[in-house]
Amino acid sequence: MRKPELAAAIADRTGLTREKASEVINTVTDQISAAAARGEDVTLIGFGTFNIRAREARDGRNPQTGATIRIPASKTVGFKAGKALKEQIR
């Protein structure tokens, strides 16, 4: 499901217009992104938790040349599914 399809589904269930539903989706994703940028976890009870994970520096290989390269440390966003989401998928 893509964002327009999600907005349409939300609009159908809530009575909002598709434009308003899309605006709500954008606001939610913007707030999750802003919290992640501040290093905060975002927990949506029953759905899951978005958190920041640190990746250590490591050695890798250039696939074209086979040369060893150093991949620097970085941060990434992780997601852990909540209990209700896990149960719904099973």
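Some notes on this structure:
- One decimal place: the segment R18-F47 gains 8.1 nm when fully extended, by the rule 0.36 nm per residue minus the C-alpha distance.
- Partners for K3 among aspartates and glutamates (Cα-Cα distance below 20 Å; same-chain residues under 8 apart left out): D12, E19, E23, D30
- Counting every pair of alpha carbons in the chain, the share spaced more than 17 Å apart comes to 68 percent.
- Inter-site label distance for N26 and M1 at 7 Å from Cα along Cβ, in nm: 2.0 nm
- Positive-pole candidate from S74, G60, M1, dipole of the chain, charges at beta carbon: G60
- The portion of the accessible surface of the chain made up by carbon and sulfur, rounded to a whole percent, is 53 (1.4 Å probe; DNA, RNA and ligands excluded).
- Over the chain, relative contact order from alpha-carbon pairs under 8 Å, at least 6 apart, %: 21 percent
The values are calculated or read from the model by the stated rules, or taken from the named source; none is laboratory data. This structure is a prediction, so every number in the text was calculated from the model and none was measured. Glycine also receives a Cβ, built like all others from the backbone with ideal geometry; neighbour counts cover every protein chain displayed. Accessible surface is based on the protein model in full, side chains and every heavy atom, while ligands, DNA and RNA are left aside. Shrake-Rupley method; radii C 1.70, N 1.55, O 1.52, S 1.80 Å.
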